[in-house]
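The values are calculated or read from the model by the stated rules, or taken from the named source; none is laboratory data. This structure is a prediction, so every number in the text was calculated from the model and none was measured. Here the Cβ positions follow ideal geometry from the backbone for every residue, glycine too, while neighbour counts run over all protein chains shown. Areas reflect the complete protein model, heavy atoms only, side chains present, ligands, DNA and RNA absent. Shrake-Rupley method; radii C 1.70, N 1.55, O 1.52, S 1.80 Å.
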Amino acid sequence: MKFVQNTAFYILVFLSFIQCKQEAKKESIISFSKNKIQYAKGFEIYKHKGFSIVKITNPWPEAAASFTYILQEKNGIIPDSLKQFSIIQIPIKSIVVTSTTHIPALELLGVENTLVGFPNTDYISSFKTRKLIDAGKVREVGVNENLNTEVLIDMKPDVIVSFGLNNSNPTLDNLQKSGLKVMLNGDWTEQSPLGKAEWIKFFGALYGLDSKANAIFSEIEKEYNTTLALAKKATSKPTVLCGAMYQEQWYVPQGESWASLFLKDAQSNYLWAETKGTGSLSVPFETILEKAQNADFWIAPGDFSSLKQMSDSNPHYDQFTSFKNKKVYSYALNKGAKGGIIYFEWSPTRPDWVLKDLIKIFHPELLPNHKLYFFQKLE
């Protein structure tokens, strides 16, 4: 079915170009670039003279639906066959985003001043954007599950970038019926580190800053791959435990997940790397203790900020060798002014920083001058 849908889409695009050629009557050959997204699986961008086509192919996990948006440049001619899709005038001048993972892309592109609304601004940690919030330039727009329709209609942003957990999005539907432009962003569904980071090109397209977005991503890609090559010089692979207890169960990242891939790339032996799936795996404490009691490192033990806090929460934690040896590292210590965790906001866009942190932890001799950015050792 997906093959049929994709084939129909490409035929539609091809026919639209023919029609555009007939309408314009200026070119004998229509200039059209192929999708150049390399790592991300959830979106595609096609450039054409006067407009771009952005297709969100995986808005949520295992989605059967896809969403197509037309980004129209000034004086760009949109073929009739594409007018059924949402048309957004670019470059946009104002935006509402709904995930903190969208903030780094705006800042790296230098367009954070266009942010006019966000649901629960206390979650945002980035210094540049917090200054805008403190200055009253970014309005509260409710919560993701129930965005404030009245406030958003009053604001009239050029576009609202949101996300969907499934095909039922009544709030977003109401916003679109009110004439507002809504785009779904599926960056959170990506599993490869560089796949998540590549979504900066999505935002670059909205601002007509494709070249800048490509350059930023190319630098991130270069840093990640250079660090990846360095990691392969490691002479050992320390064993690693992840996660912590929650309501009588221990949750660890599954072996095909984003977090697990980082541990693999950092040349460690993550003890649940062979499991299938991209989410979290619920494991009984006894199984964790049997398999990981002697693990060399313990990474991301929930939101704890100290070893004492961990042992106070669960005295069984001190049975683990990594705990006894104080080789427990958390991302929860590096927080913004309002308590938001920097890792959640920036790690999807800067996977190179995550990888460098993990290599510094597992193989410090390979990066002697690197200062940990996301992870900190619990004392």
Checklist entry - Once you put a point 7 Å from the Cα of ASN225 and another 7 Å from the Cα of ILE87, both along the Cβ direction, what distance in nm separates them? => result 3.9 nm
Next on the checklist: If each residue of separation counts as 0.36 nm, what is the full-extension length gain between LYS264 and ASP173 once their alpha-carbon separation is subtracted?
Outcome noted: 28.7 nm
Item to check | Interchain or long-range residues, amide H under 5 Å from ASN148's placed H | outcome: GLY142, VAL143
Checklist entry - Which distance in Å, rounded to a whole number, links the C-alpha centroids of the stretch 191-211 and the stretch 37-61? => result 10 Å
Item to check | Neighbour net charge for ALA273 - beta-carbon separation under 10 angstrom, K R +1, D E -1 | outcome: -1
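Which of rounded, prolate, oblate describes the stretch 70-206, given a ≥ b ≥ c as roots of the alpha-carbon gyration tensor eigenvalues and a/c under 1.5 marking rounded, otherwise prolate only if a/b is larger than b/c?
It comes out rounded by the Cα gyration axes.
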Next on the checklist: Distances longer than 34 Å among the Cα atoms of the chain: what percent of all pairs is that?
Outcome noted: 35 percent
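Which entries of LYS232/LYS324; LYS276/LYS327; LYS156/LYS181; LYS237/LYS327; LYS237/LYS324 have Cα-Cα distances beyond 18 Å here?
LYS232/LYS324; LYS276/LYS327; LYS237/LYS324
Taking a ≥ b ≥ c as the square roots of the Cα gyration tensor eigenvalues, with a/c under 1.5 meaning rounded and otherwise prolate when a/b beats b/c, else oblate, which class fits the stretch 93-135? Walk me through the numbers on the way to the answer.
On the way: a/c = 1.23, a/b = 1.18, b/c = 1.04.
Rounded, since a/c falls under 1.5.
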Item to check | Relative contact order computed over the chain (Cα-Cα under 8 Å; 6+ residues apart), in percent | outcome: 14 percent
Checklist entry - Does the stretch 199-351 come out rounded, prolate or oblate by the C-alpha gyration tensor, with a ≥ b ≥ c the root eigenvalues, rounded set by a/c under 1.5 and, if not, prolate when a/b is larger than b/c and oblate if not? => result prolate
Next on the checklist: To test your reading of the geometry: what angle, between 0 and 90 degrees and rounded to tens, separates the Cα axis of helix 210-231 from the longest principal axis of the chain?
Outcome noted: 20 degrees
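Please report, as a whole percent, how much of the solvent-accessible surface of the chain comes from carbon and sulfur atoms (probe radius 1.4 Å).
52 percent
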Checklist outcome for this item: So, over other residues within a Cβ distance under 10 Å of GLU379, counting Lys, Arg +1 and Asp, Glu -1, the net charge is +3
Item to check | Check: the chain dipole with +1 on Lys, Arg Cβ and -1 on Asp, Glu Cβ, in debye | outcome: 1100 debye
Next on the checklist: Can you compute the label reach from ASP303? Point 7 Å from Cα along the Cβ direction, backbone N cut-off under 14 Å, restricted to the stretch 122-157.
Outcome noted: 122-124
Next on the checklist: Please give me the summed charge of the neighbours of THR149: other residues whose Cβ is under 11 Å from its Cβ, Lys and Arg +1, Asp and Glu -1.
Outcome noted: -2
Next on the checklist: Checking the table LYS47/LYS212; LYS308/LYS371; LYS36/LYS356 against a 22 Å threshold on Cα-Cα, which pairs fail?
Outcome noted: LYS308/LYS371; LYS36/LYS356
Checklist outcome for this item: Farthest towards the positive end of the dipole of the chain, among PHE323, LEU209, HIS370 and with Cβ unit charges of +1 on Lys and Arg and -1 on Asp and Glu, lies the Cα of LEU209
